[in-house]
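The structure appears below as structure tokens.
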Amino acid sequence: MVLSVGRITKAKGVEDFCEIAKRFKDKPNIKFIFVGPHIDQNYYNYINDKYRNLVIFPGESFDISNFYKISDIFLFLSNRDSFGLVLVEAMYYKLPAIVWNVTGLSEVVTNNYNGYCCPFGKIDTVYKKLNYLISNKTEYRRISTNAFDKKNMFTMPKHVDKFLNFIQK
């Protein structure tokens, strides 16, 4: 199961996600799911009509943990993001991440450590990295373990003292 979480908008990479799913259409054992609300009904209808046979769109969910639990890889192709909290959530569930190498996402995903940062817009590179993770169990376990370990960099206890020192100064 390949998961993405975010608003169904062009900026959140829904079309790129779906184009990757299209490349895996001949592999029925690989499922793609994009969880999140839509803002523009016309855009959602366009995406759903074009990709509904390739991607599951369950809509908005307030219990996102179940989606993380059943997933194997987190594919987050947002065009820009200030931080990417969903990436930290995915790391908690040991999901390797594949992202665009853009500000915000590349601060959370360390290339070849807890996932892969692909050059923006290079769908072929994303496809190759995803295919590699799916077919290479040793690499998958390594990246998955590192993802779980790296999540600790983003916990509150790790940053409270820094924040308090900043406030005091």
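Worth a mention:
- Here the Karplus relation 6.51 cos²θ - 1.76 cosθ + 1.60, evaluated at θ = phi - 60°, turns the backbone of the stretch 100-114 into coupling constants of 6, 7, 10, 3, x, 6, 6, 7, 9, 9, 8, 4, 6, 10, 10 Hz, with x for every Gly and Pro.
- Based on Cα atoms of the stretch 1-59, Rg over Rh with Rh as the Kirkwood radius reads 0.93.
- For residue 32, residues with placed amide H under 5 Å, excluding near neighbours: 2, 56
- Packing-based exposure ordering (other Cβ within 10 Å, fewest first) of 143, 123, 167: 167, 123, 143
- Taking GluC sites (Glu not before Pro) in DSSP loop states with no more than 16 other Cβ atoms inside 10 Å as exposed sites, the chain has its longest site-free stretch at 108-169.
- The H on the amide N of residue 98, modeled in the peptide plane, is under 5 Å from the matching H of 74, 75, 76, 116, each at least 5 residues off or on a different chain.
- DSSP-assigned coil residues among trypsin sites (Lys or Arg not before Pro) in the stretch 1-100, each with at most 12 further Cβ atoms within 10 Å: 25, 52
- The stretch between residue 62 and residue 101, if pulled fully straight at 0.36 nm per residue, gains 11.2 nm over its current Cα-Cα span.
- Cα-projected label distance for residue 22 with residue 131, points at 7 Å along beta-carbon direction, nm: 1.6 nm
- Among the chymotrypsin sites (Phe, Trp or Tyr not before Pro) in the stretch 1-68, those located in a DSSP loop and surrounded by at most 14 other Cβ atoms within 10 Å of their own Cβ are 62.
- Modelled FRET efficiency - R0 22 Å, residue 46 with residue 122, Cβ distances, 0.05 increments: 0.40
- Here the stretch 2-168 is treated as a sphere whose radius is the Kirkwood value from Cα pairs; by Stokes-Einstein at 20 °C and 1.002 mPa s it diffuses with a coefficient of 132 µm²/s.
- Estimated FRET transfer efficiency when R0 is 41 angstrom, pair residue 79-residue 164 (beta carbons, to 0.05): 0.75
- Relative to one another, the C-alpha centroids of the stretch 7-36 and the stretch 97-136 are positioned 15 Å apart.
- Scalar couplings 3J(HN,Hα) for the stretch 5-22, obtained by applying the Karplus form with A = 6.51, B = -1.76, C = 1.60 to θ = phi - 60°, are 9, x, 5, 7, 9, 4, 4, 8, x, 4, 5, 5, 4, 5, 5, 5, 4, 4 Hz; x denotes Gly and Pro.
We did not get these values from a lab; they are worked out from the coordinates using the rules stated. Just so it is clear, the model here is predicted, and its values are computed rather than measured. Ideal geometry is used to build each Cβ from the backbone, glycine not excepted, and the neighbour counts take in all protein chains shown.
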